[in-house]
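Everything on this sheet refers to the single structure shown next.
What follows is calculated from the coordinates using simple rules that are stated; it is not laboratory data. This structure is a prediction, so every number in the text was calculated from the model and none was measured. In this analysis, Cβ positions are derived from the backbone assuming ideal geometry, glycine residues included, and neighbour counts consider all displayed protein chains.
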């Protein structure tokens, strides 16, 4: 349940601070990673959206990630830690880093086994494929929409957009 907290259209829910101002663009474009490196931006706060099923990424009760949320107001917020050569570390905003388990599932690093370094590969002007440390691309599994690093090449299930979050 969302509660309006001011007259500018910003909203809160009990799990997050200020959400999005309605005056902001509905689908901000994730900047080109080359531009990020040139400007020395250390991190970005984003939401991740699968173009395969047009849904935002959420964490399940099993600590795996799923592309199942239609409303960006309820989707998880992530921090992309920008490294060199289009590499990033991904973490739940204000929480633990993400990694890929032995089965290729994208999961939270609960036991401090080490944050994974992912490589962003630009697919087109504002969408990216995410290459996991196991050498496979992260894709949306058909059966349950779980994010799994098991695709050898970028394809329709491996394309994501990053929606920049301004108020969180």
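Placing a pseudo-label 7 Å from each Cα along the Cα-to-Cβ vector at residue 152 and residue 61 gives an inter-label distance of 3.7 nm. Between residue 70 and residue 134, the modelled labels are 3.1 nm apart [label points 7 Å from Cα along Cα→Cβ]. Once you order the gyration tensor axes a ≥ b ≥ c over the Cα atoms, which shape class does the range 66-159 get: rounded for a/c under 1.5, otherwise prolate or oblate by comparing a/b with b/c? Cα axes put the range 66-159 in the rounded bin. Residue separation of residue 113 and residue 85 scaled by 0.36 nm, minus their Cα-Cα distance, works out to 7.7 nm of gained length.
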